[in-house]
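The values are calculated or read from the model by the stated rules, or taken from the named source; none is laboratory data. What you are looking at is a predicted structure, and each value in this text was computed from that prediction instead of being measured. As a convention, Cβ positions derive from the backbone with ideal geometry for all residues, glycine included, and neighbour counts pool all protein chains shown. What goes into the accessible areas is simple: the full protein's heavy atoms, side chains included, and nothing from ligands, DNA or RNA. Shrake-Rupley method; radii C 1.70, N 1.55, O 1.52, S 1.80 Å.
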Amino acid sequence: MDKKLLINLQRVPKHVAIIMDGNGRWAKSKGMNRIFGHKNALTAVRESVEAASLINVKAITLYAFSTENWKRPKLEVDALMSLLINSLKKELADFIKNGVKVNAIGCTENLPKKAQKVLNDVIFETKNNTKITLTFALSYGSREEIVNAIKNISKKVVNKELSEKEITEKTINNHLYTFNLPNVDLMIRTSGEYRISNFLLWQMAYAELYFTDILWPDFRKEHFYDAIIDYQNRERRFGKTSEQITD
Ligand code: IPE
Ligand code: IPE
Ligand code: MG
């Protein structure tokens with residue numbers, strides 16, 4: 001049965017964020033090295049973006065490399081960077097064909113020059129697409145993002161471009177990497193880990209959280225739709241009582 005048919009198209013999340021986890025364990029279970037797992041992650045990325053696009057999710061953000069992931073063995077980090085470069089090159093034509101606008105968040109200046117170049121090219125080539133915004137979190141850490149926002153806001157206060165009184169939640173939002181994205185409605189994490197790992201802490205303040213045991217390389221459209229169906233069965237109260245929710 002097509003799980004998509006069970007989805008209420010009037011109530012899809014605007015922004016879905018995914019912590020793509022479990023590549024290493026997936027490879028290990030097959031007697032292979034961790035890098036084999038990363039190589040097999042691309043299908044899951046494609047399927048998720050396509051699944052999201054088909055039900056009109058407007059933004060999908062994928063945690064691809066965290067600030068903490070720099071601590072992994074150099075061989076693995078290098079392999080991840082090469083995979084990033086090759087995958088972006090390979091996918092560009094499909095991004096264009098499918099109306100995918102590519103975006104990046106994180107300290108991307110820390111990526112190898114070649115990765116920065118390909119990333120910037122892909123962002124430029126897809127900038128007018130409107131079907132869905134696909135954001136890659138690369139060298140991303142939410143705490144670092146918040147520290148940067150505070151620094152930039154402080155500078156403005158010192159320069160008298162902004163007064164302390166004028167600082168609101170919106171000011172903070174506008175200084176995050178995600179300034180042009182809606183708040184996260186649904187966060188999915190694969191591989192049976194129940195944590196946030198420094199991902200979009202501010203943006204997920206009221207997100208619905210969905211955890212699955214599926215390892216990322218095995219994640220397919222049907223799993224994405226399972227998460228959406230689960231999301232649609234929840235009541236988002238935002239502090240109100242159930243009786244106050246009319247939706
Ligand atoms: C997620 O899979 C990919 C990245 C963090 C880059 P992992 O590499 O974390 O896989 P596990 O968690 O070790 O199985
Ligand atoms: C989180 O996965 C980062 C990405 C998916 C890119 P990790 O596998 O690095 O997370 P922890 O450290 O186990 O929480
Ligand atoms: Mg992991």
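The residue pairs whose first member lies in segment 9-26 and is at pLDDT 95 or above, whose second member is within 15 Å of ligand 2 (Cβ to nearest atom) and open to solvent by 30 Å² or more (accessible area, probe 1.4 Å), and whose beta carbons are closer than 6 Å, counting only pairs six or more residues apart or on different chains, are Asp21/Glu193; Gly22/Leu215; Gly24/Arg34; Arg25/Leu215; Trp26/Leu215. Do we have any residue at all in segment 211-230 that's in contact (Cβ under 8 Å) with a residue 12 or more places away in the chain, in a loop (DSSP other than H, G, I, E, B), open to solvent by less than 70 Å² (accessible area, probe 1.4 Å) and more than 16 Å from Gly22 (Cβ to Cβ)? Scanning segment 211-230 turns up no residue that is in contact (Cβ under 8 Å) with a residue 12 or more places away in the chain, in a loop (DSSP other than H, G, I, E, B), open to solvent by less than 70 Å² (accessible area, probe 1.4 Å) and more than 16 Å from Gly22 (Cβ to Cβ). Applying the condition of being more than 30 Å from Trp26 (Cα to Cα) and hydrophobic (A, V, I, L, M, F, W, C) to segment 160-207 and asking which residue is farthest from ligand 2 (Cβ to nearest atom) yields Leu162. Scanning segment 62-78 for residues that are open to solvent by less than 20 Å² (accessible area, probe 1.4 Å) and part of a helix (DSSP H, G or I) yields Glu76, Val77.
The residues listed here are Ile105, Ile132, Ile146; of these, the one that is in contact with a helix residue (DSSP H, G or I) (Cβ under 9 Å, 6 or more places away or on another chain), within 16 Å of ligand 1 (Cβ to nearest atom), modelled with pLDDT of 95 or more and of a type in the set (A, V, I, L, M) is Ile105. Among the residues that make up segment 100-108, is at least one of them among the basic types (Lys, Arg) and within 20 Å of Tyr177 (Cβ to Cβ)? Yes, there is a match, as at least one residue in segment 100-108 is among the basic types (Lys, Arg) and within 20 Å of Tyr177 (Cβ to Cβ).
For beta carbons closer than 7 Å, sequence separation of 6+ or different chains, a first residue in segment 80-92 that is over 16 Å from Arg46 (Cα atoms) and a second that is in a helix (DSSP H, G or I), the qualifying pairs are Leu80/His38; Met81/Ala115.
For the residues Arg34, Arg11, the requirement of being within 16 Å of ligand 3 (Cβ to nearest atom) and open to solvent by 40 Å² or more (accessible area, probe 1.4 Å) singles out Arg34. Contact annotation: residue pairs with Cβ atoms under 7 Å, 6 or more positions apart or on different chains, pairing a residue in segment 62-76 that is farther than 15 Å from Asp21 by Cβ with a partner that is part of a helix (DSSP H, G or I), are Thr67/Glu144; Trp70/Val77.
Residues checked against (1) within 16 Å of ligand 2 (Cβ to nearest atom); (2) polar (S, T, N, Q); (3) over 16 Å from Asn86 (Cα atoms); (4) out of contact with any strand residue (DSSP E or B) (no Cβ under 9 Å at 6 or more places or on another chain):
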position	(1), (2), (3), (4)
Leu42	yes, no, no, yes
Glu47	no, no, yes, yes
Tyr63	yes, no, yes, no
Trp70	yes, no, yes, no
